[in-house]
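Beneath this line is the structure, given in structure tokens, with notes to follow.
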Amino acid sequence: MKLRLNKQQLRILAMLFMVPDHTAEILLKPGIEGGSEVLLKLHLSPPVAEMLYRVFVSFGTFTGTVMIYF
């Protein structure tokens, strides 16, 4: 069974993928760079935070690609 998405559904999916990207930029990046204590509040170690940051930013890459395509 193939999953077919129309243009509007793909845009909504891309916008949902944008949320983790912005969350990573707002919360995780300052914590990784040592500029805030957000990692302590979230109970994350720096390696885990770095991995989550990379995964979330890759979601944003998908979003950018989809928005540029449309």
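The values are calculated or read from the model by the stated rules, or taken from the named source; none is laboratory data. All values derive from a computational prediction rather than experimental measurement. With ideal geometry, Cβ positions are generated from the backbone for all residues, glycine too; neighbour counts draw on all protein chains shown. Accessible surface areas use protein heavy atoms only, side chains included; no ligands, DNA or RNA. Shrake-Rupley method; radii C 1.70, N 1.55, O 1.52, S 1.80 Å.
So, in segment 1-59, of the ones that are of a type in the set (S, T, N, Q) and free of Cβ contacts under 8 Å to residues at least 24 places away in the same chain, which residue ends up most open to solvent (accessible area, probe 1.4 Å)? By that ranking, first place goes to 8.
Looking at segment 60-70, which of its residues are under 12 Å from residue 20 (Cα atoms) and either touching a residue at least 60 places away in the same chain (Cβ under 8 Å) or open to solvent by 60 Å² or more (accessible area, probe 1.4 Å) (or both)?
Correct list: 61, 62.
Scanning segment 22-41 for residues that are within 18 Å of residue 61 (Cβ to Cβ) and acidic (Asp, Glu) yields a total of 1. Run down 4, 54, 11 and say which single residue is basic (Lys, Arg) and not in a helix (DSSP H, G or I). Just one listed residue meets the conditions, 4.
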